[in-house]
1. For Y74, what is the net charge nearby, where nearby means another residue's Cβ is under 13 Å from its Cβ and Lys, Arg count +1, Asp, Glu -1?
2. Taking R0 as 25 Å, what FRET efficiency do you get between K100 and V38 from their Cβ-Cβ distance, rounded to the nearest 0.05?
3. Can you sort E63, E19 from fewest to most other Cβ atoms within 10 Å of each residue's own Cβ?
4. Can you work out ³J(HN,Hα) from phi for every residue in region 116-131, in order, using Karplus 6.51 cos²θ - 1.76 cosθ + 1.60 and θ = phi - 60°, giving whole Hz and x for Gly and Pro?
5. Exposure proxy check: M77, M29 ranked by fewest other beta carbons within 10 Å?
6. Using modelled backbone amide H atoms (1.01 Å from N, in-plane), which distant-in-sequence or interchain residues come within less than 5 Å of L133's amide H?
7. Taking N as the number of residues in region 68-146, what value does Rg over Cα atoms divided by 2.2 N^0.38 Å take?
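Nothing in this text is a laboratory measurement; each read-out follows from the coordinates by a stated rule. Values in this document were obtained by computation on a predicted structure and should not be read as measured data. Ideal geometry is used to build each Cβ from the backbone, glycine not excepted, and the neighbour counts take in all protein chains shown.
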Amino acid sequence: MALKTNPLRKRQLGTSLSEINVTPFVDVMLVLLVIFMVTAPMMQSGIGVNLPQAETESAPAEEGLTLTITKDKYIHMENSVINQFLLEQKLKEYFYGKEKRIVFIRGDESIPYGFLMRILDITKKAGVETVGLVTQPIEPEEKKRK
């Protein structure tokens with residue numbers, strides 16, 4: 001089946017759009033910007049741990065490695081979860097060739113004392129020179145009650 005055209009019919013010359021309509025593009029970009037602005041703070045929250053409270057504030061320095069221990073006894077080193085039996089080997093690998101070996105432990109206040117002592121012992125066996133415990137400062141209204 002062939003396409004038949006009328007030879008008597010003149011060809012119509014149309015004009016093409018030479019400009020791009022950017023309004024829908026800008027609308028989509030603004031919606032994406034709002035979505036990223038709302039979700040970005042949620043992405044940086046980190047690992048939720050209830051730190052024990054103390055009168056003096058202790059925060060990790062920039063130089064050391066921070067281990068986070070959750071209430072379920074999961075040990076987080078950087079962005080990975082580590083088994084307590086592999087912790088010594090991972091610490092040795094992390095500090096290989098480094099002069100300063102400093103570890104800060106962010107432990108949930110509900111973890112058993114014995115488990116925390118086991119982790120401290122493992123870090124000392126791995127050759128860590130300094131271990132710091134990160135706490136949260138006591139709220140001002142709690143100070144007044146004591």
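1. Values: positive: K71, K73, R106; negative: D72, D108.
So the environment of Y74 carries a net charge of +1.
2. Values: r = 39 Å, r/R0 = 1.56.
Given R0 = 25 Å and the Cβ-Cβ separation, E is 0.05.
3. Details: E63 12, E19 5.
By the 10 Å Cβ count, ascending, the order reads E19, E63.
4. Once θ is set to phi - 60°, the couplings for region 116-131 become 4, 5, 4, 5, 4, 5, 5, 5, 5, 5, 6, x, 6, 7, 10, 10 Hz.
5. On the way: M77 17, M29 11.
The fewest-first ordering by Cβ neighbours comes to M29, M77.
6. Placed amide hydrogens put I105 under 5 Å from L133.
7. Values: Rg = 14.6 Å, N = 79, 2.2 N^0.38 = 11.6 Å.
Taking N as the residue count of region 68-146, the ratio is 1.26.
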